[in-house]
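K.L.:
Would you mind keeping the following structure in view while I ask a few things?
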Amino acid sequence: MKSAIAFVTLAATCAMLSACGGGAAPLPAPPVAKPQTAASPTPGTPAKPGQTSPTQLVPSAPAIPAPEPAKYADKGRKDPFTEVQLSSALGGLAVSTTKLTGIVRGARSVLALLETQEGIGYILKPGDTLGDGRLMEIGADNVVFAVAAKPGAAAQRVVLRLVAN
């Protein structure tokens, strides 16, 4: 009998909750700000408390000057951001004056190690340029450059062999 009374009580509670909507009461809508319609006070008269002018609502942003472009001060040094092609006609680097000092073979690439007469080293891969020539291929113990003798002339083939110590 007690279980029947408990069941009826539970059923009545469920019926009352479902009649009420079964959930929490909805939240009230947020208050809507009313736009200020009061006119700006005339110059020389103080504003009334609680009254704001439209210019006070949004402050003006300060003017930001445009930045000046960056300038490179070389101070007698070479600009590292410009690529200059040297040619033997201008007294620059010539492939024929360099020597092949090593070949490095990796899993994905092959590199040639060259050295100038001044002792400056270069690491090149096929397609790279050095002075007046372009590295065409790297062999087992040599490299092949295509060197243009004069502008508009056909390229000559220059082969450098690995130097043995």
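The values are calculated or read from the model by the stated rules, or taken from the named source; none is laboratory data. Computed from a predicted model, the values in this text were never measured in an experiment. As a convention, Cβ positions derive from the backbone with ideal geometry for all residues, glycine included, and neighbour counts pool all protein chains shown.
K.L.:
Which residues, counting only those in the stretch 99-138, are surrounded by 13 or more Cβ atoms within 10 Å (Cβ to Cβ), part of a loop (DSSP other than H, G, I, E, B) and without any contact (Cβ under 8 Å) to a residue 24 or more places away in the chain?
P.N.:
Correct list: Thr116, Pro126, Asp128.
K.L.:
Out of the residues in the stretch 51-107 that are of a type in the set (Val, Ile, Thr) and at pLDDT 75 or above, which is farthest from the chain's Cα centre (by Cα)?
P.N.:
Thr97
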